[in-house]
Amino acid sequence: MSRVRVAVLVSGHGSNLQALLDACAAPDCEAEIACVVSNREDAGALERARAARVPALVIDRDGQDAAGLLALLRHHAIQLVVLAGYLKKVPDTVVAAFRDRMLNVHPALLPAFGGPGMYGRRVHEAVLASGTRLSGATVHLVDEQYDHGRILAQWPVPVHPGDTAETLAARVLAVEHQLLPAAVRGCCRQVLAGASPSGLFVAGERFVPSVGPSQPLDHALIPA
């Protein structure tokens, strides 16, 4: 079975990476994690990669060596790039080289609660401070702006009375662990079908309020 070669960029512990590694262990998975790249040599995600016998690579700490990153991705024949807790802005030239082939997962329902500096605990604190009753996870294409590219998939998560940033983060992360692998697999199916970058993702509903963690994931949230 042909598989799409995927690079995962990470900066931290790597629980979303682990979800991807677990999904790719299935014999029918369309994705192969070909390398894991971090801007931090002490990132826990690198140990997860090594445990899975996946090349674990370190780039410059600020993530702005575009030529070096591009050379690395090309050396590993990467077809799709996934940002899974990667906290640096990807250089514009790298984004351009992987136009419509680079995904990010964000712990809120974009376009709300995104942009520069909005990551990790800060996102959940902002959600709680706003008084909204709904948060969630988003998978979107990466472009030259933070958290700005086309939304591909979302999964809402209710905000409960008495929630803290930690309790909300835990529920959103559990959803990310399901949404991200499903979105990656959906994208890989289209790559394998020979879709051009401009037509890689079909139009469809980006947000289905009735879908939650207790319901199936196939409710129009993932690209066909």
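Values computed for the structure shown
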{"item": "Yes/no for HIS160 being modelled with pLDDT under 95 and either assigned to a helix (DSSP H, G or I) or over 22 Å from HIS13 (Cα atoms) (or both)", "result": "no"}
{"item": "Per-region count, segment 1-32, residues out of contact with any Leu (no Cβ under 7 Å at 6 or more places or on another chain) and assigned to a loop (DSSP other than H, G, I, E, B)", "result": "10"}
{"item": "Residue match in segment 164-186 (condition: acidic (Asp, Glu) and within 17 Å of the chain's Cα centre (by Cα))", "result": "yes"}
{"item": "Some residue of segment 135-143 being under 27 Å from ALA67 (Cβ atoms) and either of a type in the set (Ser, Thr, Tyr) or in contact with a Ser or Thr (Cβ under 7 Å, 6 or more places away or on another chain) (or both)", "result": "no"}
{"item": "Which numbered condition ALA169 misses (of (1) closer than 24 Å to CYS187 by Cα; (2) aliphatic (A, V, I, L, M); (3) in contact (Cβ under 8 Å) with a residue 40 or more places away in the chain)", "result": "(1)"}
{"item": "Where VAL4 falls short, out of the listed (1) farther than 21 Å from GLY186 by Cβ; (2) modelled with pLDDT of 95 or more", "result": "(1)"}
{"item": "Residue match in segment 115-123 (condition: more than 23 Å from ILE33 (Cβ to Cβ), crowded, with 17+ Cβ neighbours inside 10 Å, out of contact with any Lys or Arg (no Cβ under 9 Å at 6 or more places or on another chain) and aliphatic (A, V, I, L, M))", "result": "yes"}
{"item": "Helices (runs of 4 or more DSSP H) contained in segment 33-97 and holding at least 2 residues surrounded by 15 or more Cβ atoms within 10 Å (Cβ to Cβ) and of a type in the set (Val, Ile, Thr)", "result": "92-97"}
{"item": "Enumeration of residues in segment 22-42 that are in contact with a strand residue (DSSP E or B) (Cβ under 6 Å, 6 or more places away or on another chain) and of a type outside the set (Asp, Glu)", "result": "CYS24, ALA31, ILE33, ALA34, CYS35, VAL36, VAL37, SER38"}
{"item": "Flag for LEU21 being buried (at least 19 other Cβ atoms within 10 Å of the Cβ), closer than 20 Å to ARG185 by Cβ and within 16 Å of the chain's Cα centre (by Cα)", "result": "yes"}
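The values are calculated or read from the model by the stated rules, or taken from the named source; none is laboratory data. For clarity, every value in this text was computed on a predicted model and none was experimentally measured. Because the Cβ atoms are built from the backbone with ideal geometry, glycine has one as well, and the counts that use them run over all protein chains shown.
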